[in-house]
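The values are calculated or read from the model by the stated rules, or taken from the named source; none is laboratory data. Everything quoted here is computed from the prediction, not taken from an experiment. Quick reminder, even Gly has a Cβ in these numbers, built from the backbone with ideal geometry, and neighbours come from all protein chains shown.
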Amino acid sequence: MTEPYTPPKVWTWKQGSGGRFANINRPIAGPTHEKELPVGKHPLQLYSLGTPNGVKVTVMLEELLALGYTGAEYDAWLINIGAGDQFSSGFVSVNPNSKIPALLDRSVDPAVRVFESGSILVYLAEKFGAFLPKSAPERAEVMNWLFWQMGSAPYLGGGFGHFYAYAPEKIEYAIDRFAMEVKRQLDVLDRRLAESEYIAGDTYTVADMAIWPWYGALVTGVVYDAGEFLEVDSYTHVQRWTKQISERPAVKRGRMVNRTFGKPETQLLERHDASDFDTKTQDKIEAGKA
């Protein structure tokens, strides 16, 4: 039996602890090295990775482009968090928190930095007047669910996901504690989606774009396979909604951008033009002939 842990009077950082992602976490902020960020040709410069928080933004941008908002054209640069790209001086200047995604809007002077995925979604929605209602009751409901996601996801990712899939040792108490909370969250969503087509009502909004990459990925096993453990098939309304969102063409494109895992044909490491997706389609065709 493992000896019970007694916290010391002063916490000390053990750099080797933390499991698979130990090298990307540290108790201090600021840059570790000097490196400027690349800049492409489009008004919006996105520095990101195809994790759930990154997918929120690329889905939003692709949805805006699908509606004909040409000002939403963007360059998506890959930030390799395993290599410490998020700690470069250039990235820290855009996001002092050193987390992806980070957006730089160069369509205005001076350029505007936007960080935190929820903040980016609201910024883009207000900039282009899409996916966020203007009237108070409907807008409030979208914001309710957007902030619900921002507050809930840490329990899903850093809590359940970490201890279930990535921690160097399985801790029953931690897994049970966070599994209980994740199942409660799934029940919250399932009850909501039993009464409305989309998260905030009858209209597809930034609330769906924020929640789908996390909870849709959970119930389909994209991020980590815990479906049987959490009995995700029992959340039938979440399953219906997940499938519905997954079938949107812009969502299919957005989930590919800055993706570094899965089958090669599902990955578009960087996106600098809409034609980049056509190139990936051709790659799939060629792969099928092989």
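Have a look at K280, K284 and point out the one that is at pLDDT below 95, buried (at least 16 other Cβ atoms within 10 Å of the Cβ) and under 28 Å from W77 (Cα atoms). Write out each step before concluding.
Values: K284 fails: buried (at least 16 other Cβ atoms within 10 Å of the Cβ).
Going through K280, K284 in turn, the sole match is K280.
Sort out which residues of region 210-249 are of a type in the set (K, R), in a helix (DSSP H, G or I) and touching a residue at least 12 places away in the same chain (Cβ under 8 Å), and write them in order of number.
Once the filter is applied, which keeps residues that are of a type in the set (K, R), in a helix (DSSP H, G or I) and touching a residue at least 12 places away in the same chain (Cβ under 8 Å), region 210-249 yields only R240.
Does any residue of region 189-200 turn out to be part of a helix (DSSP H, G or I), within 18 Å of the chain's Cα centre (by Cα), of a type in the set (D, E, K, R) and under 25 Å from L132 (Cα atoms)?
no
Among what's in region 110-156 and is aromatic (F, W, Y) and under 16 Å from R192 (Cβ atoms), pick the residue that is surrounded by the most Cβ atoms within 10 Å (Cβ to Cβ).
Filtering region 110-156 for residues that are aromatic (F, W, Y) and under 16 Å from R192 (Cβ atoms), the one surrounded by the most Cβ atoms within 10 Å (Cβ to Cβ) comes out as W145.
I'm told V182 meets every condition in (1) under 30 Å from G71 (Cβ atoms); (2) surrounded by 14 or more Cβ atoms within 10 Å (Cβ to Cβ) except one. Can you identify the failing condition by its number?
(1)
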